[in-house]
Structures are given as C-alpha cells and as structure tokens.
Amino acid sequence: MNAKQTVSLFKAIIEGPFTRIDMAQRIDVTPKSVGRIISELKSQKMIHVIDYTSESDGRNRVKVYALGGGENAKPKRTQSQEERSRKSYLRKAKKKRDLNIKTTFVGGVPLWQ
C-alpha cells in the first residue's frame, strides 16, 4: 500500500463501522490486503467486530469492524441446527435426483445412470 492508501484506510477506520470488502473498495486495494491489515489491528486490540451482516444472497456472514478494543460480537444464528440439517439433506437429495435423470447413449441405446 502506498502512503495515500494508508491515510485513506485510517480515515475510513476513524469514520465508522466498515466491512473488509467496503474498505477494499474505498481505498482501492484487494480484500486480502485489507484482511492482513485488519488481522494486525485486531491483534493489537485497535479494532474489533461489532456486528455481522449477510451478503445479498444471505449465505455468508460478513464481519463489521469498528475502532476500539471492545469485546468481539458473536455471530447470530438465523436458523436452528435442525433447519440447517434439513436444508442440507434436501440439497443433497436434489443433487442425487439430478444425477439419476441424466442418460448416456451407447450405440444408440439410452443407459440410465
């Protein structure tokens, strides 16, 4: 990172809560670079996780950071273990059904998989 990006990074941290992706876009560096900086700042207790938010597809939890050495927030569960297990089971069953529908033609004769 150059000096301008470093100054932009610290300005953004001071201004308020941020995610790793937001910060990367704001200072024009890769999310991986921001992740390394965040790791170092967390180890020095200069920033902490204040919340978790979901991406637009609702799958991944994204950490929201803020300045200060507070207690890290714990991720919120949006589904029970039973609901997650059921979704996983249905996803695997659908994948298995999709595989069984495919046919292979050998010598003009369809062979069901």
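So here's what we get for this one:
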{"quantity": "Count - residues of region 1-29 that are over 9 Å from Tyr65 (Cα atoms) and more than 15 Å from the chain's Cα centre (by Cα)", "calculated": "19"}
{"quantity": "Single residue of Lys11, Lys45, Lys4 found to be among the charged types (D, E, K, R), without any contact (Cβ under 8 Å) to a residue 24 or more places away in the chain and exposed (fewer than 11 other Cβ atoms within 10 Å of the Cβ)", "calculated": "Lys4"}
{"quantity": "Residues of region 1-18 that turn out to be modelled with pLDDT under 85 and within 20 Å of Ser54 (Cβ to Cβ), as a count", "calculated": "1"}
{"quantity": "Lys96 exposed (fewer than 11 other Cβ atoms within 10 Å of the Cβ), modelled with pLDDT of 85 or more, part of a helix (DSSP H, G or I) and over 14 Å from the mean Cα position of the chain (by Cα)", "calculated": "no"}
{"quantity": "Residue selected from region 40-54 under the condition closer than 11 Å to Tyr65 by Cβ and in a helix (DSSP H, G or I), by the criterion farthest from the chain's Cα centre (by Cα)", "calculated": "Leu41"}
{"quantity": "Selection within region 5-22 - β-branched (Val, Ile, Thr) and in a loop (DSSP other than H, G, I, E, B)", "calculated": "Thr19"}
{"quantity": "Residue in region 19-34 that is farther than 30 Å from Arg84 by Cβ, of a type in the set (Val, Ile, Thr) and surrounded by 13 or more Cβ atoms within 10 Å (Cβ to Cβ) present", "calculated": "yes"}
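The values are calculated or read from the model by the stated rules, or taken from the named source; none is laboratory data. What you see is a predicted model; the values in this text were computed from it and never measured. Using ideal geometry, Cβ is built from the backbone for each residue, glycine included, and neighbour counts are taken over all protein chains shown.
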